[in-house]
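Peer 1: Got a structure for you, written out below as structure tokens; questions coming shortly.
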Amino acid sequence: MSSFTISGTHHTSFTVSNLERTLTFFREGLGLSHSQPSPRCLVHIAGITGVEGADVRVAFVKCPGGHEIELFEYVGPSERSAVLPRPCDVGFAHICFLVDNVDAAVKRAAQFGVKPAGIISNPQSGPAPGARSVYLRDPDGITLELVQLPENFVSRMD
């Protein structure tokens, strides 16, 4: 058996219906920087994804801590669909951002059509007691979690 070590994460990826709209939200709504969209990618993407006829535009969003979010807008193939999984559905995924003011972040996100999926929660037990958190969904159904940790929070991994 071969041996290997994971040395870090490189990026998280989401497929979006409108790259400019999503980049505007990440830049103006969340205050993150991003790369310019690349020229359309054909052969390379079809080979990696296994999607015949894949034709994409791609851009990267830079997150604090060095992690990047890759955003794909597929121009082809023409037979594409949208999925709107619920958090309880197998295959559902989200990305979580730490914020210093969850209320202000929710208010700003709403200006970009990104709305809470539920309420701002403040559990006093569980994995992050005293944290304030909320799931937001963008127009493509991508879910972002915003978490405001209490000052005395101790990581589960420490």
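Peer 1: For segment 19-28, which residues satisfy the criterion of being surrounded by 14 or more Cβ atoms within 10 Å (Cβ to Cβ) and of a type in the set (S, T, N, Q)?
Peer 2: Hit for segment 19-28 is T22, nothing else.
Peer 1: Further question: Looking only at segment 89-115, how many residues end up being open to solvent by less than 60 Å² (accessible area, probe 1.4 Å) and out of contact with any Phe, Trp or Tyr (no Cβ under 7 Å at 6 or more places or on another chain)?
Peer 2: The total comes to 12.
Peer 1: Looking at (1) of a type in the set (S, T, Y); (2) touching a Leu at 6+ places or on another chain (Cβ under 6 Å); (3) farther than 21 Å from V106 by Cα, can you tell me which one T9 breaks?
Peer 2: That leaves (2) as the condition not met.
Peer 1: Next question. Check G66, G53 and return the single one that is free of Cβ contacts under 8 Å to residues at least 24 places away in the same chain, open to solvent by less than 100 Å² (accessible area, probe 1.4 Å) and not basic (K, R).
Peer 2: G66
Peer 1: Working only within segment 129-148, note down all residues that are assigned to a loop (DSSP other than H, G, I, E, B) and either open to solvent by less than 20 Å² (accessible area, probe 1.4 Å) or modelled with pLDDT of 90 or more (or both).
Peer 2: Once the filter is applied, which keeps residues that are assigned to a loop (DSSP other than H, G, I, E, B) and either open to solvent by less than 20 Å² (accessible area, probe 1.4 Å) or modelled with pLDDT of 90 or more (or both), segment 129-148 yields A131, D138, P139, D140, G141, I142.
Peer 1: So which strands (runs of 3 or more DSSP E) are wholly in segment 1-105 and hold at least 2 residues that are touching a Ser or Thr at 6+ places or on another chain (Cβ under 9 Å) and more than 30 Å from G130 (Cα to Cα)?
Peer 2: 55-62, 68-76
Peer 1: Counting just the residues of segment 29-44 that are of a type in the set (A, V, I, L, M) and within 20 Å of the chain's Cα centre (by Cα), which one comes out most open to solvent (accessible area, probe 1.4 Å)?
Peer 2: Of everything passing the filter in segment 29-44, L30 is most open to solvent (accessible area, probe 1.4 Å).
The values are calculated or read from the model by the stated rules, or taken from the named source; none is laboratory data. Every value quoted in this text rests on a predicted model; they were computed, and no experiment measured them. Cβ sites come from the backbone with ideal geometry, for glycine too, and all protein chains shown count toward neighbours. We work out accessible area using only protein heavy atoms, side chains counted, and drop any ligands, DNA or RNA first. Shrake-Rupley method; radii C 1.70, N 1.55, O 1.52, S 1.80 Å.
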